[in-house]
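Just so you know, all these numbers are worked out from the coordinates, no wet-lab data involved. Quick caveat: nothing in here was measured; it's all calculated off a predicted structure. Cβ sites come from the backbone with ideal geometry, for glycine too, and all protein chains shown count toward neighbours.
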Amino acid sequence: MMKSNENGWVSVEELVQDRNFLESQQSEISPVAMDAILEDENLMDLSSNRRDFLKVLGFGISAATLASCEIPVKRAIPYVIAPDEIVPGIANYYASSFVNGGDYCAVLVKTREGRPIKLEGNPSSKVTRGGTSARVQASVLSLYDINRLKSAAKIQNGQATEISWQELDAELTGKLNAGSRIRIIGSTQMSPTAQKAVQEFCVKYPNTKHIQYDAISSAALLQAVQNSFGQRVIPDYRFDQAETIVSFNADFLGTWISPIEYASQYAKRRTLQGANLSMSRHYQVEAQMSMTGSNADNRILVRPSEQGSAIAYLYSLIAAKAGTSASAGADLNDKAKKALTAAAESLWANKGKSLVVSASNNVAEQTLVLAINSLLGNIGTTIGFNRASFQRQGDERMLAEALKEINAGQVDAVFLWNANPCYDLPNADEWAQALGKVATSVSFNTIMDESTSLCNYSAPDHHFLESWGDVEAKRGFLSLMQPTIQPIFKTRQSPHSLLVWAGSANLVTGSDQPYYEYLKANWRTSYFSGTDFQSFWDSALHNGVFEMESSSPEAPAFAGNVTEALGNVSKPSSSTNEISFYEPIGVGAGQYANNPWLQELPDPVMRTAWGNYLACTVSFDGDRRFSAENGVKEDGELLEVKIAGSSYTLGSVKQFGQMPGTTSVALGYGRKQAGICGTGIGTDFNASLTTDANGFTQYYNTNVEIAASAGKIEKHFACVQHHHTMGVTAIEKSSGQKINADEAALVDDAFKGVTKGYQGSLTKRTIFRHSHISEIKEKTEALVKERKGHQHLNEQTLYPGHEYLYNAGHKWGMHIDLNACIGCGTCAVACMAENNVPVVGKREVSRHHEMTWLRIDRYYYGDVENPNVVYQPMMCQHCENAPCENVCPVNATNHSSEGLNQMAYNRCVGTRYCANNCPYKVRRFNWYDFTTADLFPGNHKNLAGETDKPYYAENLVRMVLNPDVTVRSRGVIEKCSFCVQRIQEGKLSAKKSQRKLIDTDVRTACQTACPTGAITFGDSNNPESQLSKKLDNPLNYLVLEEVNVASSVNYTMKVNNRDHSIDA
Amino acid sequence: MSCKQVLKILFALVLSQVALSAAPDIELGKTSFKNNCASCHNKNMKDALTGPALAGFVERWAAYPKEDLYKWIRNSQAMINAGHPKATELWAQYKPTVMTAFPNLTDDEIESIVLYVNGVAAGTYPPKSADSVATGTGTPSSGGQASSIWLYLIFGILLALALFLWSLQNDLIYAKKTAEGDPSASKKTIWELLTSKSVISFVLFALVLFGGYATVNNAISLGRQQNYAPEQPIKFSHATHAGLHKIDCNYCHDGARRSKQSVIPPASTCMNCHKAIKNGSKYGTAELTKIYASIGFDPMTDKYISNYESLSNEEIKAIYTKWIGEEYKKVNAVTTLSGDAQTQVDDQWADIESSLTHASKPKVSGPIEWIRIHNLPDHVYFNHSQHVTIGKIECQKCHGKVEEMDLLRQYSPLSMGWCINCHRETDVKFQDNAYYETYKTYHLELKDGTRTSVKVSDIGGLECQKCHY
């Protein structure tokens, strides 16, 4: 076997053709899952005898009879006075803004009968451009979080006692006086009006300090920009203008600063359109494989402590080209030096059209990165300041100062504003102790988290969907936030609370919505010019976004001190093992931990859900042998990790692309108080973060010891890596020939030779295709030729009459551009929200029971130690010759004249033949009544796992369900429907306007959610449709085209722009 | 009568017919008024309802050209927006109540309405002699029940006849056999005949057959509720509203045109008319007070009660028993309520209270909770607007003659077979809607005559995911 594998693989087991693995892929229920079931102590609950069976049987029959004979009296409750905006049955959309700390997205909120059920991106926004992220999609579920604090409260020993807001206001204003030393500790605050409220508060209480911090800090970047350009902002990065991108550990597509914006820019130069066969080149310098790194053309491996040297080395290379000399970074590893030299060539060749970014939290390193960009002439082209970003404003140094003051008894009151310092800081324990020392502590947080439970008062904030507000995410790009539902609980907006306590004269306390009036008044004075304020306000509110001219200079001169910076970069450690900590896509730094949609969203690279895992390096030992560090043989094995004295036990995953001598793990897990979904999931590593000499948090640690694995596997290890695998191939030992895994399972000694040619001799399976940009012509030609061969095979159809129907009206199809797909998982969460896909919990995921209709498969190819990655969104392919349809004994799944593979839940009897016969493995079976949709409450009993009840059993949570999609009950199969409810709605609206259907009438949930526009849905019979245009591309292919199922989802070949000079 | 005379008369008749449909006519005016105006303008033309009294409305517009009045009637909002002085004056007086636009009314129709309005206002219409003309349009109900009784009767007679003939045949055989001197001959009684093997096996066979048939039939109808007609909290009569007063279905069920649901009207819709009509024709205050008690309207002061939601049932009772009492006094021309009358008032209130409350809704105020009649299973998606606006299906096709129902009942079985059957038989309004241009093949086939119509089933109307998703 070669060290490079162009055919692609998903895991070590598959790569080495592990016998057990291959066999396990054949059975519908995995042997591992079966063992887990048998081991389960809950199995005892299931014991029953013949009598019980008869009882249940008798009950079943009589209950069925009763249930169907007696018509339950249902009530139809009309409005008393109908609101003019609401027509029952028709969705209303309102423009608003998603904000959580520094995370921002302009959204359109879909409401039905007055309750928000889905968020879409707002295409009018010049920042997020209609894109969303998984967090945005999932945030609507947090509105209906049963753990939300329901009123103002007094807290004693972690127990909240409800008090009225008047009581709270009276008590607090009684305790505070003009001399009170107050510290408002919050996350990044992007709202100009909220900041104004803070200022008013500070006027009343002059000894107040508003301290912002970000759990994943960018303070050093802000400081470096301050030092170099005189303003404390995040520069306006433009990835779409860059031909060469070098990212030092910045996960700018997933989590870094403004990922929705960056992803949409990035994809513009990564997709190949028409004759334009060029794309940007992306180098990622990192130790662990981040999502952004997985999308890069070249990953340059450096240890976390080498980041400083790597930046300095690149600086010295660029400086040499620019004519100044600076020797630095000599202590970098040689491989990286060589690779960076190549990167520098590419950067220099694209002067003014390149971009270097870094996630480092070291001022010197960030200064050097700015200096590199300055030398490259990127300031003003790919980096601008006119529209600088305010999405990170935190500074943890001020926090350290506040802690000192608290401990010295110099603080009278602490307000926590969407901040959880007792969890997400390296010194969370010190904060927990310090909070107790403050006389008055108030938390605005929305759930009883680690910090709130230590405060005296809880003054819970609204959810953003209940709030009025504004956001200035980038200079001059404002957007408004408006409530789309009455506050569900007795909560109050934090700036409103601050204004009340400040006794602000500008707050019209008699008004219905005092903060709304305050916001409007602020906009009138700050942004409005003209005569008719009302129409200005109405249009801003309607559009959701508002643009102000910005007169800040676009390209201020760089004035950073490079010499000093060169001396202050972090030095490589001599440690043999280093660990880096990263922010995961889903739960972030822990602030999203109580959202089950995000917990169940698998990590794009590691493919694990419900927890964080240690990434262990995989090394190639030659000849089909791999070994993982720390003796890990199987994913999920528990490891003992000691980091600077603290010891942890957690599961491990063998991770390709993880640099030897390093390991990595996600932050944001191991919450102690995060509600029913987040508490106790995963392991908390915040205590192992370090702080550098200047007080900036460092997201790595060099003092790591990992004990060798004892081979014990984590209980309910929820990794979806090997679930629903398709097209697994194997090497037959005797002949050395490559065959399908299903054949491999049959290749037994007794049958040797007999099974050859099984299933039509299909020995080559085409799941994904990839090419280097330089060989695209040959690869395309080969693809076209190969497809012709398939099409010849595929001339036969099972349903000859269908052609006539397919051509008559619509024919729905989809196109997925694998070059635009970055694997972020937004579509998967959007699909769950749109289609009422249930949450199943960790245990069920570990048993392959996840219900997601859309999964994102991750495949590696290329260098087996440091591979490239393809992400492939996989959902029902709506095959014309669908293998699932003809095995259904009750015709519950069949084909529509519009090319849809239909699924009638009420007809399904649950044989699961279809799921077994599906080559793409996209059908999901409801093993339990996950959404309590069943008529019989007996079926609701949760066999599924962690909580007492299924997540959707709570009426509050059920408010998020889409009323246009059936809630499935136990025992039926479900799968992607191409959002048929949207298709029907779109057709109806076209009919109502008496015009032909256009693209914008029907857009699937995954399509609208995608930040990069990777998914196109439409009518392939309409030559005008965007889909038809995208289908005309020689790079397109169908997955498993050779098996003649004639699927309706086209993918494009993945093209990379790898710099081969590094590999040589 | 000569041939010429006959021709003359015929000619005159034809002429008058033509004239009838062209020139303003008071009968046409009456119909147009009822169809378009009566839901907001008082029929007596003298009192205001939701809209102003119409008596003398032409005179009020005398200062402006006739066309202005026509425009006003066809689309009042457009005129208000255009800033017409009379229009803005009226708007200032009546806003925010918006007059429905009637863009389809012709000048002649408007003139007919003017004739009718003036006639009624002046008391010259209707002519006294026309009083006796019956207005009922109801047809006698079909004899479905009766005919099946007849069938049973005929079946019974035939059965008796068969039995009689059989015993007669037996008698004859017996007679013949005795005549032939057959010693084995015996006369069979009716009982012996009925308990004979052949009869028993036939009965058993019939039982199995009918039993099976009944089981299958009943199983199919499980969960179905055709003819379901529960008592509603208010004795609302569609016959009165849709039948007698000819209020358009869409006026109250305004979702049917544009939404999935037809929408049960909110109490505020009832108030559009019942602000003025405070006594029902059948039940007086007994039913109408329920609307007032739901929404919090005080019929004595014609004002909505502020903070109504926070009032207790006792406080609400005080308001409305007073109203019921006042009305009682007015109707019976008494000045005080006797003990007996007070009991009647209290009884009436007790009924109102029990109608508006139930175990989980203890308060009188708040929405009127109707009993839902048409219940589709959760896995069925049905959209009214698709059928009403696009398919142009009459409401009556599925809901029956609602305008004749005092108590609403479910007319159709709402079974899948019933839906499917209609989708098989119904033509798509293919030519009128540009949306269907997508179906090029069908258009071509229609053109060259290979196809005469496109049924709903031809565009996928029988496919699962048209209704189940």
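Write out the GluC sites (Glu not before Pro) in region B:345-394 meeting two conditions: DSSP loop, and at most 11 other Cβ atoms within 10 Å of their Cβ.
B:Glu394
As a quick test, which of the pairs A:Lys209/A:Lys437; B:Lys30/B:Lys303; A:Lys991/B:Lys260; B:Lys30/B:Lys329; B:Lys440/B:Lys466; A:Lys654/A:Lys777 have an alpha carbon distance above 26 angstrom in this structure?
From A:Lys209/A:Lys437; B:Lys30/B:Lys303; A:Lys991/B:Lys260; B:Lys30/B:Lys329; B:Lys440/B:Lys466; A:Lys654/A:Lys777, over 26 Å: B:Lys30/B:Lys303; B:Lys30/B:Lys329; A:Lys654/A:Lys777.
Taking 0.36 nm per residue of sequence separation and subtracting the Cα-Cα distance, how much length would be gained by fully extending the chain between B:Leu446 and B:Ala333, in nm to one decimal?
Gain in length upon complete extension: 33.5 nm.
For B:Lys455, put the label point 7 Å out on the Cα→Cβ axis and report which residues of region A:865-908 keep their amide N under 17 Å from it.
A:897
Rank these for me by crowding, A:Glu401, A:Glu200, going from fewest to most other beta carbons within 10 Å.
Final ranking by Cβ density, sparse to dense: A:Glu401, A:Glu200.
Ignore the peptide's own chain and count Cβ atoms of other chains within 10 Å of each Cβ in A:985-992; give me the average, rounded.
5
Multiply the residue separation of A:Thr341 and A:Ala710 by 0.36 nm, subtract the distance between their alpha-carbon atoms, and state the gained length in nm to one decimal.
128.6 nm
How high is the relative contact order of chain A, in percent, counting Cα pairs under 8 Å that sit 6 or more residues apart?
15
Taking a point 7 angstrom from the Cα of A:Asn276 along the C-beta vector, which residues in region A:212-247 have backbone N less than 19 Å away?
Counting backbone N atoms under 19 Å from the label point, the list is A:238-245.
Give the percent of DSSP beta bridges with both residues in the protein assembly as shown that are antiparallel, rounded to the nearest 5.
Looking only at bridges with both residues in the protein assembly as shown, the antiparallel portion is about 65 percent.
Net charge near B:Asp171, counting Lys/Arg +1 and Asp/Glu -1 over other residues with Cβ under 11 Å of its Cβ?
Charge balance in the 11 Å sphere: +4.
Given only helices, namely DSSP H runs of n ≥ 4 each adding -39500 (n - 2.57), what is the per-residue ellipticity at 222 nm of the protein assembly as shown, to the nearest 500 deg cm²/dmol?
-10000 deg cm²/dmol
Points 7 angstrom from Cα along the Cβ direction at B:Tyr94 and B:Ile200: gap in nanometres?
About 8.3 nm, to one decimal.
Could you tell me which of the pairs A:Lys337/A:Lys571; A:Lys987/B:Lys429; B:Lys46/B:Lys322 are separated by over 19 angstrom between their Cα atoms in the structure shown?
In this structure, B:Lys46/B:Lys322 exceed 19 Å between Cα atoms.
Which percentage, to the nearest 5, of the DSSP beta bridges contained in region A:219-389 is antiparallel?
The antiparallel proportion sits near 20 percent.
What aspartates and glutamates could a cross-link reach from B:Lys187, if we take a straight Cα to Cα line under 20 Å and drop same-chain neighbours fewer than 8 places away?
Leaving aside aspartates and glutamates fewer than 8 places away in the same chain, those within reach of B:Lys187 are B:Asp171.
Taking the simple approach of a point 7 Å from Cα along Cα-to-Cβ for both A:Lys209 and A:Gln159, what is their distance in nm?
According to this spin-label approximation, the distance is 3.6 nm.
I need the calculated FRET efficiency for the pair B:Asn250 and A:Ile90, taking r as the beta carbon distance and R₀ as 22 Å, to the nearest 0.05.
That pair, B:Asn250 with A:Ile90, gives E of 0.90.
Within 10 Å of each Cβ in A:80-90, how many Cβ atoms from other chains are there, averaged over the peptide?
Partner-chain Cβ atoms within 10 Å, mean over residues of A:80-90: 6.
Taking the Cβ of each residue in A:Lys204, A:Lys785, A:Lys474, A:Lys338 as the centre, tally the other Cβ atoms inside 10 Å and list the residues starting with the fewest.
A:Lys785, A:Lys338, A:Lys204, A:Lys474
For a footprinting-style exposure proxy, rank A:Val909, A:Val840, A:Val922 by other Cβ within 10 Å, fewest first.
Ranked by crowding around the Cβ, least crowded first: A:Val909, A:Val922, A:Val840.
List the aspartates and glutamates whose alpha-carbon lies under 16 Å from that of B:Lys392, not counting same-chain residues fewer than 8 positions away?
Straight-line reach from B:Lys392, under 16 Å: B:Asp248, B:Asp254, B:Glu425, B:Asp427, B:Asp432.
Run down the aspartates and glutamates and flag those whose C-alpha is under 15 Å from the C-alpha of A:Lys811, throwing out any fewer than 8 positions away in its chain.
A:Glu803, A:Glu880, A:Glu898, A:Asp999, A:Asp1001, A:Asp1019, A:Glu1024, B:Glu437, B:Asp458, B:Glu463
Would you mind getting me the FRET efficiency between B:Tyr152 and B:Ser415? Use the beta-carbon distance for r and R0 = 25 Å, nearest 0.05.
Step by step, r from the Cβ atoms, then E = 0.45.
Between A:Lys1029 and A:His802, what is the label-point separation in nm under the 7 Å Cα-to-beta-carbon projection?
Computed distance between label sites A:His802 and A:Lys1029 equals 2.9 nm.
Can you give the extra length, in nm with one decimal, that the chain gains between B:Ile371 and B:Glu27 once fully stretched, where that is 0.36 nm per residue apart less the Cα-Cα distance?
Working it through step by step, the gained length comes to 119.9 nm.
To the nearest 0.05, what FRET efficiency results for A:Ser619 and A:Asp240 with a Förster distance of 41 Å applied to their C-beta separation?
Given R0 = 41 Å and the Cβ-Cβ separation, E is 0.65.
Can you give the charge dipole size of chain B about its Cα centre, rounded to the nearest 20 debye, using +1 on the beta carbon of Lys and Arg and -1 on the beta carbon of Asp and Glu?
620
Among the listed pairs B:Lys95/B:Lys278; B:Lys71/B:Lys95; A:Lys74/B:Lys235, which are separated by more than 26 Å between their Cα atoms?
Flagged as over cut-off: nothing, all pairs pass.
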